[in-house]
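Each remark here refers to the structure printed beneath this line.
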Amino acid sequence: MAKINCTVNVQVTDGPKMSLTTTTDVEAYDKIDVTVVKNAVDTKVQLQPGGAGQVQFLMITADKYDPSLTYTVNVAAGGGGGGGPPVVPLDGPHILMGKGGVSLLDDAPTDLFFTNADPNADAKVHVLLGRDATP
């Protein structure tokens with residue numbers, strides 16, 4: 001059993017301040033680092049082979065945040081077009097905690113497909129996943 005400890009402090013300038021500290025117990029975790037090269041479409045990152053409700057923590061960060069860096073969950077975007085999976089811009093860090101939070105992307109996220117539409121620079125993406133190892 002592993003514990004993922006998370007502390008978040010948020011303060012609006014001259015406004016409210018909120019903080020949160022939480023611990024998520026998981027059976028297994030994975031740390032994945034991937035370089036999404038410039039102009040890449042659908043660079044696949046395998047998250048986990050499990051079923052619905054197994055992922056309890058998902059954090060996606062990058063060395064740059066830009067609307068040209070996007071991802072889809074479980075299904076490749078195929079370079080655009082209508083009718084495909086929702087395309088999520090990685091325009092800031094994404095942290096989803098709890099099965100409910102992760103289910104906003106998908107009940108059983110198994111793969112992420114990253115696209116980097118920037119023609120000039122690669123993007124380094126980091127994924128931390130906490131999950132149940134047994135169904």
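A few notes on this one:
- Odd one out for Val75, checked against (1) out of contact with any Asp or Glu (no Cβ under 9 Å at 6 or more places or on another chain); (2) in a loop (DSSP other than H, G, I, E, B); (3) not aromatic (Phe, Trp, Tyr): (1)
- Qualifying residues in the stretch 108-131 (those that are of a type in the set (D, E, K, R) and surrounded by 14 or more Cβ atoms within 10 Å (Cβ to Cβ)) - the one nearest to Thr70 (Cα to Cα): Asp118
- Residues that are in contact with a strand residue (DSSP E or B) (Cβ under 7 Å, 6 or more places away or on another chain) and free of Cβ contacts under 8 Å to residues at least 40 places away in the same chain were ranked within the stretch 99-124; the one that is nearest to Pro49 (Cα to Cα) is Asp106.
- Test: Ala133 is at pLDDT below 90 and under 21 Å from Val37 (Cβ atoms): no
- Of all residues in the stretch 9-27, at least one satisfies being touching a residue at least 24 places away in the same chain (Cβ under 8 Å), closer than 23 Å to Asp132 by Cβ and in contact with an Asp or Glu (Cβ under 9 Å, 6 or more places away or on another chain).
- Any chance Val127 is on the phi < 0 side of the Ramachandran plot, touching a residue at least 40 places away in the same chain (Cβ under 8 Å) and β-branched (Val, Ile, Thr): yes
- Answer from Thr134, Thr23, Thr43 - the residue that is surrounded by 13 or more Cβ atoms within 10 Å (Cβ to Cβ) and not acidic (Asp, Glu): Thr43
- Test for Gln46: is it within 19 Å of Val127 (Cβ to Cβ) and not charged (D, E, K, R): yes
- Only one of the listed residues (Leu96, Leu105, Leu90) is under 11 Å from the mean Cα position of the chain (by Cα), at pLDDT below 90 and either among the β-branched types (Val, Ile, Thr) or surrounded by 13 or more Cβ atoms within 10 Å (Cβ to Cβ) (or both). That residue is Leu105.
- Contacts under 6 angstrom Cβ, first residue in the stretch 87-98 being part of a loop (DSSP other than H, G, I, E, B), partner at pLDDT 95 or above and hydrophobic (A, V, I, L, M, F, W, C), 6 or more apart: Leu90/Ala62; Leu90/Leu69
- Within the stretch 12-68, tally of residues that are assigned to a loop (DSSP other than H, G, I, E, B) and within 13 Å of Leu112 (Cα to Cα): 5
The values are calculated or read from the model by the stated rules, or taken from the named source; none is laboratory data. In this text, all values refer to a predicted model and were calculated from it rather than measured experimentally. Neighbour counts run over all protein chains shown; Cβ positions are idealised from the backbone, glycine included.
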